[in-house]
Structure formats: C-alpha cells, structure tokens
Amino acid sequence: KKMAKVEKFALHVPSLEELSRVLQDGLKENFADVQVSVVDCPDLTRDPFNFPVKGLCGKPRIVDVGGVPYLVPLVQKDKVYDLNTVAKQIELPGAFILGAGAGSSKILGVNAEFIPVVQAESEQKPAVNASYVAQINPADGGCLLEKYSDKYSDCEFGLLANLYASLGQPGKVIEVKANKRTGQCNFVTCMRQIIEKHYGDKPVGMGGTFVIQKGKAKIHIMPPEFSACPLNTDEEVNNWLKFFEMKAPLICQPVLVSRDPGFDLRVEHTHCFSHHGEGGHYHNDTTPDSVQYLGYFLPAELVFRIDRPKESHMIGRD
C-alpha cells in the first residue's frame with residue numbers, strides 16, 4: 001500500500017491572552033452576550049464530554065486528511081484511513097484526536113458522519129476509541145447515533161477528516177461563552193472570520209470543543225448510499241444531504257484555520273454528538289434568541305495535510 005503524502009506547515013500562534021481579546025471584540029458584533037477568557041481546561045473526562053483524556057493541551061496541531069473531492073462528484077471508496085496511523089504521521093503517537101470526518105463505508109457498510117474522539121495507540125497502551133457515528137436510521141429516516149466502540153474495535157475512517165490533535169493534557173485554554181446570536185454566521189464561521197480579519201495573511205488554526213447548551217441546531221447527515229450520479233454543484237450536494245433540526249445539549253468538535261496557506265485545506269468543519277441520540281454535521285443554530293454556546297479552544301502550532309487530492313474543487317465544503 002502506497003504511503004499517503006504528508007505535508008506540514010507552521011501556523012502563526014498568538015498568545016492565549018491576545019487571541020481571547022480578539023475573539024471578545026469580534027464576537028460582540030455577532031452575539032448579544034459574550035465572555036471570552038483564559039482558563040484552566042475543565043476535566044473533559046466528565047459530563048457532558050466524557051472524553052478519554054482530561055484536557056486539550058500539549059503540542060496542539062490540526063490535520064486535514066483526504067478531502068471532499070474523494071466524496072464528490074463521485075465517491076472513491078478505496079480512500080480509507082486509520083487514526084493510529086494519522087497520529088504517527090503528525091509526529092504525535094498516542095495523540096488525543098477530536099474532529100469531523102466520514103465513516104469508513106468498508107467497515108460500516110454505509111456512508112455516515114464520523115465524530116472522532118480517540119486517544120490513539122502508543123507503545124504503552126492500546127487505542128481508546130470513544131467516537132460516535134451518525135447515520136440515517138433505515139427504519140424511519142431519522143438520525144441513528146451510535147458509539148463506535150459498541151460495534152467496532154478499529155480506528156478507521158474514510159474519504160476525509162478535519163482533526164484537532166494534542167497530548168490531551170490539562171492546561172490553559174480559551175473559554176468562550178456566547179449567548180443570543182445577533183449575526184448571520186454560525187459560531188465557528190464567526191470565530192474564523194474574526195481571526196482572519198485580525199491576523200490577515202498569517203494563518204491561525206484552532207480546535208477544541210464547544211457545547212450548544214440551549215436551543216436547537218441545523219445538522220446534516222449524509223445518506224447511507226453514495227450518489228450514483230455526479231454531484232457537480234453545492235445545490236446538488238444539499239439536495240442529496242439529509243437535514244435535521246436537533247436539540248441541545250450538543251457537544252461539538254470544531255476544526256478551523258483562518259485561511260488556507262496553499263494546501264487545499266477545508267477552512268472549517270464541525271461535527272457534534274449528544275447523549276440523547278442526535279448528532280452529525282453542524283451548520284448553525286436555528287434558535288438565535290435562546291442559543292447558548294460554551295466552548296474551550298486552543299490555537300494549533302502546526303497544520304498537517306495528509307493525502308491531498310491531486311484534482312480539487314470547492315463544491316460541498318459548507
């Protein structure tokens with residue numbers, strides 16, 4: 001099997017204090033009630049996260065694996081990846097990995113949204129896979145959210161993923177509380193645009209986790225069957241996807257980079273899970289007046305680009 005090409009780029013890393021000020025100023029224009037501060041990362045092994053590690057800190061990096069061109073216009077089912085391998089490729093074996101991707105249809109038998117929460121294997125211990133998969137329930141066309149490890153023992157995914165990786169340690173992070181949305185953009189897009197506006201051509205990457213504590217959100221799940229006819233426009237992709245309104249609390253895993261420094265990056269991607277059977281790809285809240293966001297983030301030191309598609313396009317990146 002041919003090794004996937006790995007590219008690496010050092011991002012601009014602002015101090016947490018500076019970045020929190022930038023976000024505070026920008027978010028005020030999009031949310032009625034905003035509080036951004038530098039705090040100790042809460043213990044993420046506890047509710048509502050239940051992650052296998054305590055924190056987001058230690059050698060933070062973001063990873064863009066594969067890409068939408070492997071999904072549309074037509075799927076390339078042979079594109080299968082492994083998070084244990086990714087951890088080694090990003091020079092962080094044993095990494096704690098969060099993010100958004102597609103399930104491996106080879107393993108699942110269907111196309112599905114993958115919500116990775118994994119501590120990759122190290123020489124000391126085996127992988128801990130606390131991921132979720134959201135798929136269309138064949139019984140009723142609704143959302144079927146399952147814990148990956150209830151059925152599978154591997155760490156595979158397919159086609160594409162945007163990941164935030166770190167050593168999973170406690171430490172200082174940026175806490176963002178944002179309530180009552182007054183702007184048009186979703187929480188993640190809003191932060192990304194604020195960072196891009198402030199840092200310009202210096203790319204800043206960020207990842208972590210946030211909870212939609214109140215309200216509802218627009219979420220998509222890919223259908224179980226890949227499209228037999230080519231999906232050539234965003235409109236065709238959106239007609240193919242299945243959209244839902246899902247209710248809080250939703251635990252979300254954003255990965256963003258303020259701008260692409262020339263690696264055909266997906267500049268933002270967020271998946272979410274819940275403890276009430278809902279999850280998928282986050283678009284925006286649908287209840288701006290009542291929504292409450294609480295998030296913990298860290299700027300990444302590096303971005304890794306793995307198996308970048310040779311032929312690319314900008315369709316289906318919303």
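Where a number appears in this text, it was derived from the coordinates with a stated rule and is not lab data. Every value quoted in this text rests on a predicted model; they were computed, and no experiment measured them. All Cβ positions, glycine included, derive from the backbone under ideal geometry; neighbour counts span all protein chains shown.
Residue 272 meets each of the listed conditions (1) surrounded by fewer than 18 Cβ atoms within 10 Å (Cβ to Cβ); (2) farther than 28 Å from residue 202 by Cα; (3) under 15 Å from the mean Cα position of the chain (by Cα) apart from (1).
The number of residues in region 110-132 being in a loop (DSSP other than H, G, I, E, B), polar (S, T, N, Q) and surrounded by 18 or more Cβ atoms within 10 Å (Cβ to Cβ) comes to 2. Scanning region 17-32 for residues that are among the charged types (D, E, K, R) and over 14 Å from residue 297 (Cα atoms) gives 25, 28, 29. With a requirement of 1 or more residues that are at positive phi and touching a residue at least 24 places away in the same chain (Cβ under 8 Å), the strands (runs of 3 or more DSSP E) lying completely within region 180-297 that satisfy it span 205-214, 280-285. Within region 79-109, the only residue that satisfies the criterion of being free of Cβ contacts under 8 Å to residues at least 60 places away in the same chain and either touching a helix residue (DSSP H, G or I) at 6+ places or on another chain (Cβ under 8 Å) or in a strand (DSSP E or B) (or both) is 93. Among the residues of region 283-318, those identified as farther than 19 Å from residue 65 by Cα and either touching a Cys at 6+ places or on another chain (Cβ under 7 Å) or of a type in the set (A, V, I, L, M, F, W, C) (or both) are 291, 294, 296, 297, 298. Residues considered: 44, 74. Of these, the only one that is surrounded by fewer than 19 Cβ atoms within 10 Å (Cβ to Cβ) and of a type in the set (A, V, I, L, M, F, W, C) is 74. Determine, yes or no, whether residue 135 is outside any loop (DSSP other than H, G, I, E, B), polar (S, T, N, Q) and under 20 Å from the mean Cα position of the chain (by Cα). Spelling it out, residue 135 is indeed outside any loop (DSSP other than H, G, I, E, B), polar (S, T, N, Q) and under 20 Å from the mean Cα position of the chain (by Cα).
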